[in-house]
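The values are calculated or read from the model by the stated rules, or taken from the named source; none is laboratory data. Because the structure is predicted, anything quoted here is derived from the model rather than measured. So basically every Cβ, Gly included, is an ideal-geometry build from the backbone, and we count neighbours across all protein chains shown. Just the protein is used for accessible areas: all its heavy atoms, side chains included, with ligands, DNA and RNA removed. Shrake-Rupley method; radii C 1.70, N 1.55, O 1.52, S 1.80 Å.
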Amino acid sequence: MESFVRSTILEAPPEQVYAWHARPGAIERLTPPWEAIRVVDRSGGIDNGARTTLQVGLGPVWVDWVAEHCDHEPGRGFRDIQLKGPFPRWEHRHAFVPVEGGGTRLEDTIEYELPLGQPGHLLAAGCVHRRLDRTFAYRHRVTRRDIAMHADCRFDRPQRFLITGSTGLVGSALVSTLTTGGHEAVRLLRPGGRGSTDSDGALAWDPAAGSVDDLSGFDCVVHLAGENIAGGRWTPERKSLMRESRVSGTRTLSEAVGSCAEPPSTLICASAVGFYGDRDDQAVDESSERGSGYLPEVCLDWEDAAAAAREAGIRVIHLRIGIVLTPAGGALARMLPAFRLGLGGRLGTGRQYMSWVSLDDLLGAVLHCAARPELEGPVNATAPEPVRNDDFTRVLGRVLGRPTLLPVPAAVLEGLFGEMARELLLGGARAHPTRLQDSGFRFRDPELEGALRHMLGRLPHGDS
C-alpha cells in the first residue's frame, strides 16, 4: 500500500474552501494544465454516491477513470474512491480543517496500490509520488490563489455572466473560474457549433445572420468569440474571415444587449495588444495611439463595433489581451514540443517585445473589470513585465532545463507565414497594464519565470 499527503494553510474559513470545491468547475480548475485529463461525465456534485468520469491520457492511450464520492461531511471534507481506473486501489480524502485565526488546513490524503504488486512498487513508486507531489502542489496553489481572487472581486450578490467563445481555451477556463466563485455562467453558442448540443441552459446566436436570443437579465456579458488569428497563413480570404468574425459578431452582440428589456450593466469585449502595432522599444499603455498595419486596423474596427452598447448606457471595456500563456493551448503549447527536445530558439533577431499574460491572470482581469465600475474603455490585459523574444526563449529553456541554441531566421518565418510572421512573430509592442494596476489589480503571475514554473509544474520542491 502506498500513501501520499499534502497540506497547506489557507487564509480562508473551512466553509469557504469547502464551497469552492463543491461548486461546478472545481475539477477543471484543479487539473494541472500539463496533464492530459478531460471530464466526460459527472453527477451529484460531491454528495455521497455522486460519480465523476474522467479520461486520463497515458501516452497515446486514453484510460477511463470513474470515481464515486462518499463520507461527505458538509464544510469539512469528503472522500472519493476509484471504481474503475489505472490503479488496483485508490482512495482520496479531501479535508478542510479549521485552524487558529479563522484559516483552514487544506489536506489531501491518498492511499493507493500500484499495478504488479512489489515489482510495480520497485519500478514506479518514486515516479508516481513525484507526480503526485507536483500535481497537488499546483492544486493547492490554485485553490489559494482563486479564493483570494474572488475575495478581491466583491459583488453585492452572485452575478449572472453570459459568455461568447465559451468553448475556446480562455472561455472554457473562464466558465469554471466563475462557477467555482459562486457565479452563474451561461454560454452563448452558435447553432451547430462546438458544445451546442450538450450545454444545458445555453442561449443561441448566429452572428452571420444577425440573430440572437433574448439576452435580458444578465449582469455582465463577456465577448470572447473570434476566428483564431494564428490559425494559418493570412490569405486574403482568411484576413476577411478574421475581421468579419470580430467586427460583425461584436456589432450583433452590442446591438442585442443594447436593445434588450433588462440590459447588462457591463459588456467586456476581447481586443488585442495588436492594436498598438510594432513599436520596437517604445513603451505603450491605454493612452497610446493605434499603430499601423492589418492588426491595428482590425482592432480599431473591432472596438468601434461595440458602439451600440455604449450608446445604450452600458459600460463597455475593451480588454486588449497579450499573448496568453498556458501549456493547455495557444502559443506556449505550440512551442513546448520543440523546446522540450532542445530545439527551441529565438525568432529572428529576438529583439521584438512579447506582451504576455498568464491564463490565470487573464481570467482574474475579466472578473476584476466586472467588479470595478470605474473601469471603462481600453484595458491592457498583459503582465507588468513584457519581455523580448530572446529573453523569453532563455527563460523557457531554463525552466525546462533545455538548451535554446537554434534560432529561426526571419526569412524562414516570412517564407512560411508571410504577413502573419511580420506582425505576430517578428514584431510586437511593449505594452503595460496601467489601468489594471491603477485600479488595484493584483497579478498572480507578474514575472515570466515564476509564471512558467507555476503553469509547467516546475517550482522548487515543496514550494506551494
Item to check | The one condition in (1) assigned to a strand (DSSP E or B); (2) free of Cβ contacts under 8 Å to residues at least 24 places away in the same chain; (3) open to solvent by 40 Å² or more (accessible area, probe 1.4 Å) that residue 131 fails to fulfil | outcome: (1)
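Conditions (1) part of a loop (DSSP other than H, G, I, E, B); (2) hydroxyl-bearing (Ser, Thr, Tyr), marked per residue:
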{"position": "209", "(1), (2)": "yes, no"}
{"position": "218", "(1), (2)": "yes, no"}
{"position": "225", "(1), (2)": "yes, no"}
{"position": "231", "(1), (2)": "yes, no"}
{"position": "250", "(1), (2)": "no, yes"}
{"position": "258", "(1), (2)": "no, no"}
Checklist entry - Looking at (1) under 25 Å from the mean Cα position of the chain (by Cα); (2) surrounded by fewer than 17 Cβ atoms within 10 Å (Cβ to Cβ); (3) of a type in the set (S, T, N, Q); (4) more than 22 Å from residue 455 (Cα to Cα), can you tell me which one residue 48 breaks? => result (1)
Checklist entry - Do you know which residues across segment 111-128 are in a helix (DSSP H, G or I), open to solvent by 20 Å² or more (accessible area, probe 1.4 Å) and in contact with a strand residue (DSSP E or B) (Cβ under 8 Å, 6 or more places away or on another chain)? => result 121, 128
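One line per residue, one yes/no per condition, for (1) within 28 Å of residue 418 (Cβ to Cβ); (2) open to solvent by less than 60 Å² (accessible area, probe 1.4 Å):
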{"residue": "290", "(1), (2)": "yes, no"}
{"residue": "293", "(1), (2)": "yes, yes"}
{"residue": "300", "(1), (2)": "yes, yes"}
{"residue": "311", "(1), (2)": "no, no"}
{"residue": "314", "(1), (2)": "no, yes"}
Next on the checklist: Which condition from (1) loosely packed, with under 15 Cβ neighbours inside 10 Å; (2) closer than 21 Å to residue 456 by Cα; (3) of a type in the set (S, T, N, Q) is the one that residue 143 breaks?
Outcome noted: (1)
Next on the checklist: Can you pull out every residue in segment 86-102 that is part of a loop (DSSP other than H, G, I, E, B) and under 21 Å from residue 8 (Cβ atoms)?
Outcome noted: 99, 100, 101, 102
Checklist entry - What are the residue pairs meeting all of these: first residue in segment 282-294, first residue more than 22 Å from residue 247 (Cβ to Cβ), second residue of a type in the set (Lys, Arg) and open to solvent by 30 Å² or more (accessible area, probe 1.4 Å), Cβ atoms under 6 Å, and 6 or more apart or on different chains? => result 283/430
Item to check | Lone qualifier among 446, 433 - being open to solvent by less than 10 Å² (accessible area, probe 1.4 Å), touching a residue at least 24 places away in the same chain (Cβ under 8 Å) and either charged (D, E, K, R) or closer than 14 Å to residue 362 by Cβ (or both) | outcome: 433
Checklist entry - Considering only residues of segment 409-430 that are touching a strand residue (DSSP E or B) at 6+ places or on another chain (Cβ under 8 Å) and buried (at least 20 other Cβ atoms within 10 Å of the Cβ), which is nearest to residue 327 (Cα to Cα)? => result 425
Checklist entry - Among the listed residues 262, 286, which satisfies the condition of being within 24 Å of residue 157 (Cβ to Cβ) and in a loop (DSSP other than H, G, I, E, B)? => result 262
Checklist outcome for this item: If we keep only residues of segment 56-85 that are small (Gly, Ala, Ser) and not in a loop (DSSP other than H, G, I, E, B), then the residue modelled with the lowest pLDDT is 57
Checklist entry - Here is a list of conditions, (1) modelled with pLDDT of 95 or more; (2) open to solvent by 40 Å² or more (accessible area, probe 1.4 Å), and residue 455 meets all of them except one; can you say which number that is? => result (2)
Checklist entry - Would you say residue 237 is out of contact with any His (no Cβ under 6 Å at 6 or more places or on another chain), open to solvent by 40 Å² or more (accessible area, probe 1.4 Å) and at pLDDT below 95? => result yes
